[in-house]
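Can you keep this structure in mind? I'll have questions shortly.
The values are calculated or read from the model by the stated rules, or taken from the named source; none is laboratory data. Note that the structure is predicted; figures quoted are calculated from it, not measured. Neighbour counts are summed over all protein chains in view; Cβ atoms, including those assigned to glycine, are modelled from backbone coordinates with ideal geometry. Just the protein is used for accessible areas: all its heavy atoms, side chains included, with ligands, DNA and RNA removed. Shrake-Rupley method; radii C 1.70, N 1.55, O 1.52, S 1.80 Å.
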Amino acid sequence: MKNIFAIILLLVSINTILAQGSWYELGGYKKSLNANGEITSITSDQLGNVYAVGLFSDSLNFWDGNKYVAKWDGSSWSKLAPNSLYSLGNFVFGNEIYYVKTDQFNNVYIGGHFKDTLNNYFIAKWDGNSWSKLSGNSLRYQIYGGDIEIDNFGTIYTSGHDNFNPSGTTVLYWNGSDWQKLKSSTDSIDVNGDIYRIIA
C-alpha cells in the first residue's frame, strides 16, 4: 500500500513539473536571433513585438560589425531601421547598446555607451518611422549609458553626470527638450559609482 502511495505521489510530482512548462528559443532553431554576443536587455511593446539589444553586432565577430536593435515581429527577427540609427552616431565596437525600453505609444528607446558626432552620449528614440536623439542642449548634464525607465505619465528617466559634480552619477529625466536632474529643492542623489537600475 505504501509503495502504491509513493508511486502516485511521484506521478503527481512529475505532472506538476511538466505543467510548469519549459523554455523555448524565440523563433525556434531556424529563426532564432543567434546573437554573436551577450544580450543585455529585452522588452516588448503593446503590439506583441519583442526587442533585444546587447553586445552583439551584424558581423561574424561582434567587434567588427555595427551594433543594432533586434526586433521579433511574431514570425522573424530583423534589425530595427539600422540606417536611420547609424545616421545618429557611432555604433561600432566600444559603443555598445545596453538598454531598451518601450512606452505606451510603442515608441522604442535605447541607451548605452554610444555617442553622436559631437562626442555626446544620447538616448535614441524610435517613433515607428525613424530614430531621433534625446540629447538635450544643456551643458550641465550629460547622460551616460544608464538604465532607461518610463513612468505612467510618459516621463523618461536615465542616469548621467552633473558637470558641476563630474565624479558623481545622478538620475536625470527628460523634460521634453532637455535632460534635468531629478531632485527636490533641497535634495538629490549623487553616487560615486554607476547606477544600473531605475524603477518608476
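Apply 1/(1 + (r/R0)^6) to the Cβ-Cβ distance of Asp127 and Glu38, taking R0 = 41 Å, and write down the FRET efficiency to the nearest 0.05.
Computed FRET efficiency for Asp127 and Glu38 comes out at 0.90.
With the full set of protein chains in place, find how many percent of the accessible area of the range 24-151 is carbon and sulfur; take the probe as 1.4 Å.
Here carbon and sulfur together make up 47 percent of the probe-accessible area.
Modelled label-to-label distance, Ser22 and Ser78, 7 Å Cα→beta-carbon offset: nm?
Here the modelled spin labels are 3.1 nm apart.
Now for a separate question. Just the accessible area for Val53, please: 1.4 Å probe, Å², rounded to the nearest 10?
Surface open to solvent at Val53 totals about 0 Å².
Hey, another quick one. Can you tell me the length gained on complete extension of the stretch Trp63 to Asp151, counting 0.36 nm per residue apart and subtracting the Cα distance?
That pair, Trp63 and Asp151, stretches by 28.2 nm at full extension.
Now for a different question. Hey, quick one: spin label on Gln46, modelled 7 Å out along Cα-Cβ, who in the range 103-126 has an amide N within reach, i.e. under 11 Å?
Under 11 Å, as judged by backbone N against the label point of Gln46, lie 103-107 of the range 103-126.
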